[in-house]
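Peer 1: What follows is a single structure, and I will ask about it in a moment.
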């Protein structure tokens, strides 16, 4: 892969704790990866992110939904490194209300789902299904945001 720059990726979801619902994104039919599937919001890093995947995700949320997130409130869920050396990171963010109307700029639509509803979607991206299972387990064990996996 000489000369090809690998891009780090950051994705995540908004979570409304009072209702137990997560905001997910239905990707466009030709929008790889996870084309035509329910997935998390996010994307690849840009030079302006300076290698900070939390900054990448916050920027992507601004671009895809029109929301400005406080980076310090974005909670790490899972992270790792792909075989090609690029990094990936999944986040969640506490959201105060279900009534907001977002300015979706990518994909087909967005919707709020309980964790069980989301995990039951037949067209939920595999990584999102795994991440939501981890998230649900942490909630059931009573972990606070500060106790989640943070590098």
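The values are calculated or read from the model by the stated rules, or taken from the named source; none is laboratory data. Note that the structure is predicted; figures quoted are calculated from it, not measured. No Cβ is skipped: glycine too gets one built from the backbone with ideal geometry, and neighbour counts run over all protein chains shown.
Peer 1: Report, by residue number, each residue of the stretch 122-134 that is part of a loop (DSSP other than H, G, I, E, B) and under 13 Å from the mean Cα position of the chain (by Cα).
Peer 2: Within the stretch 122-134, 125 is the sole residue that qualifies.
Peer 1: Moving to a separate point now. Determine if the stretch 104-121 includes at least one residue that is part of a loop (DSSP other than H, G, I, E, B), in contact (Cβ under 8 Å) with a residue 12 or more places away in the chain and farther than 22 Å from residue 28 by Cβ.
Peer 2: Looking through the stretch 104-121, none of the residues is part of a loop (DSSP other than H, G, I, E, B), in contact (Cβ under 8 Å) with a residue 12 or more places away in the chain and farther than 22 Å from residue 28 by Cβ.
Peer 1: Hey, another quick one. Which ones in the stretch 135-148 are modelled with pLDDT of 55 or more, part of a helix (DSSP H, G or I) and surrounded by 10 or more Cβ atoms within 10 Å (Cβ to Cβ)?
Peer 2: Matches in the stretch 135-148: 135, 136, 137, 138, 139.
Peer 1: Here's another thing I want to ask about it. Looking only at the stretch 19-32, decide whether some residue is closer than 19 Å to residue 139 by Cα, over 13 Å from the mean Cα position of the chain (by Cα), assigned to a loop (DSSP other than H, G, I, E, B) and in contact (Cβ under 8 Å) with a residue 40 or more places away in the chain.
Peer 2: yes
Peer 1: Residues of the stretch 68-97 being touching a residue at least 24 places away in the same chain (Cβ under 8 Å), within 15 Å of the chain's Cα centre (by Cα), surrounded by fewer than 16 Cβ atoms within 10 Å (Cβ to Cβ) and farther than 19 Å from residue 138 by Cβ, which ones?
Peer 2: Answer for the stretch 68-97, where residues must be touching a residue at least 24 places away in the same chain (Cβ under 8 Å), within 15 Å of the chain's Cα centre (by Cα), surrounded by fewer than 16 Cβ atoms within 10 Å (Cβ to Cβ) and farther than 19 Å from residue 138 by Cβ: there is none.
Peer 1: Another question, then. Just checking, does the stretch 74-81 include any residue being at pLDDT below 95 and outside any strand (DSSP E or B)?
Peer 2: no
Peer 1: In this structure, does residue 43 turn out to be farther than 19 Å from residue 135 by Cβ, without any contact (Cβ under 8 Å) to a residue 40 or more places away in the chain and in a strand (DSSP E or B)?
Peer 2: When the stated conditions are applied, residue 43 passes them.
Okay, residues lined up against (1) closer than 16 Å to residue 132 by Cβ; (2) surrounded by fewer than 14 Cβ atoms within 10 Å (Cβ to Cβ); (3) at pLDDT 95 or above:
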site: 1; (1), (2), (3): no, yes, no
site: 14; (1), (2), (3): yes, no, yes
site: 17; (1), (2), (3): yes, yes, yes
site: 26; (1), (2), (3): yes, no, yes
site: 32; (1), (2), (3): no, yes, no
site: 65; (1), (2), (3): no, no, yes
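Peer 1: For the stretch 124-134: of the residues being closer than 18 Å to residue 17 by Cβ and either without any contact (Cβ under 8 Å) to a residue 24 or more places away in the chain or in contact with a helix residue (DSSP H, G or I) (Cβ under 7 Å, 6 or more places away or on another chain) (or both), which is surrounded by the most Cβ atoms within 10 Å (Cβ to Cβ)?
Peer 2: 132
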